[in-house]
Amino acid sequence: MELLQRKVFSIVLGIILMFTVMPMAVYADIGPKPSVVIDFKGLEDEKYYVTLLSEIASTGPHSALGEHPGNQRYHEGDEDYEIWEKLLSYQDKDGYYFLQYFGECSETAQFTWGYYPPPKFKILIYFPAYDQFAVSGEAYERYAFHSYYSTDVKGLELESITPIENIEAVRNYDYTWELISLLARIIATVAIEVLIALLFGFRAKKQLLLIGTVNVVTQSILNILLNVINYNQGSMMFVFNYIWMEFLVFVIEAGVYSALLPKYSGKDLKRRWLIPFYALVANAVSFGLGLYMAYLIPGIF
């Protein structure tokens with residue numbers, strides 16, 4: 001048994017060290033993911049597609065065609081292939097890149113880039129009925145973790161033979177959505193970690209209440225601090241602080257659980273090494289599911 005415990009703790013220690021030295025941040029819970037959201041006014045009767053032209057050739061999984069081998073995202077026969085071709089053909093005068101991510105916004109009047117949006121970008125709109133482009137006259141930046149913009153483009157001369165280059169956007173930060181996003185992340189994290197606790201055999205009511213309470217406290221503090229840091233200091237400081245904060249959350253949770261979960265078990269808990277292992281597994285699983293949900297619900301995770 002002692003040999004097994006040493007092996008388990010060696011594995012856990014190795015994973016923790018891997019988390020701390022990886023060049024990309026490995027987040028232990030359902031943490032927030034950066035996004036850019038743009039609302040459009042004045043195009044209620046038009047069909048249009050929107051993308052963000054990036055100052056850099058790649059960001060996260062998105063990249064300009066040819067930037068990486070085999071990175072072509074659309075092929076002949078795919079839905080919206082012709083729109084992708086048109087956007088690909090656009091040549092920005094300042095050399096900004098089309099990263100092959102776009103969306104039709106006719107129904108929603110809103111464009112969301114919810115996973116690794118470009119830090120600095122131009123707004124490009126394509127109107128297929130007119131075979132016409134409209135682009136922002138200047139570049140904009142991700143000014144917060146979730147950056148919101150609004151643009152009123154009523155009265156565009158869509159029958160012009162040259163691209164329209166006078167689109168303007170203003171910041172429109174959505175504090176209500178941020179609160180909803182924060183609450184959703186906390187609820188999802190608590191639900192996942194309680195479910196995994198049941199699988200690990202922690203089923204006493206006081207144990208589950210302890211796990212839920214600890215997660216509400218740690219996730220509330222973590223997400224609020226990270227949003228404040230990113231809004232005021234930018235994404236680089238966000239990543240730096242996210243790494244050590246997530247590691248600290250794991251250490252705190254493992255310590256609290258190790259001290260209190262056995263007291264609420266109602267029986268002698270012999271395999272105490274399972275407690276920190278549970279904390280690691282619960283955090284890792286919630287992180288993985290968080291990445292998947294970030295694709296399903298752009299901008300909320």
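The values are calculated or read from the model by the stated rules, or taken from the named source; none is laboratory data. Quick caveat, the model's predicted, so the values are computed rather than measured. All Cβ positions, even for glycine, are placed from backbone atoms using ideal geometry, and neighbour counts span all protein chains on display. Accessible surface areas use protein heavy atoms only, side chains included; no ligands, DNA or RNA. Shrake-Rupley method; radii C 1.70, N 1.55, O 1.52, S 1.80 Å.
Roughly to the nearest percent, how much of the accessible area of region 37-164 is carbon and sulfur, given a 1.4 Å probe?
42
Please report the net charge: other residues with Cβ closer than 10 Å to the Cβ of Tyr96, K and R +1, D and E -1.
Working: positive: Lys93, Lys120, Lys122; negative: Glu55, Asp92, Asp94.
Charge balance in the 10 Å sphere: 0.
Each residue of region 137-145 in order: what ³J(HN,Hα) in whole Hz does its phi give by Karplus 6.51 cos²θ - 1.76 cosθ + 1.60, θ = phi - 60°, with x for Gly and Pro?
In residue order, the calculated couplings are x, 9, 8, 10, 10, 6, 8, 8, 4 Hz.
Mind running the shape call on region 54-142? Use the C-alpha gyration tensor, a ≥ b ≥ c as the square roots of the eigenvalues: rounded below 1.5 for a/c, prolate if a/b tops b/c, oblate otherwise. Working shown, then result.
On the way: a/c = 1.34, a/b = 1.03, b/c = 1.30.
Rounded, because the longest to shortest axis ratio a/c is under 1.5.
Please go through region 61-133 and write out the GluC sites (Glu not before Pro) that DSSP classes as loop and that have at most 12 other C-beta atoms within 10 Å.
On the way: sites: Glu67, Glu76, Glu79, Glu82, Glu85, Glu104, Glu107; in loops: Glu67, Glu76, Glu79, Glu107.
Passing both the DSSP loop test and the Cβ count: Glu76, Glu79, Glu107.
Take the alpha carbon atoms of region 149-254, find their radius of gyration, then divide it by 2.2 N^0.38 Å using N residues; give the quotient. Working shown, then result.
Numbers: Rg = 21.4 Å, N = 106, 2.2 N^0.38 = 12.9 Å.
Cα Rg divided by the expected 2.2 N^0.38 Å: 1.66.
Please list, in chain and number order, the residues 5+ apart from Ser35 or on another chain whose amide H is under 5 Å from its amide H, with Hs placed from the backbone.
His146, Ser147
Sequence-distant or interchain residues sharing an amide H contact under 5 Å with Glu165, placed H: which?
It is Val135, by chain and number.
Which percent, to the nearest 5, of DSSP beta bridges fully inside region 109-169 are antiparallel?
About 75 percent, rounded to the nearest 5.
Cα to Cα, under 16 Å, and not fewer than 8 places away if on the same chain: which aspartates and glutamates meet these conditions relative to Lys206?
Cα-Cα hits under 16 Å: Glu193, Glu253, Asp268.
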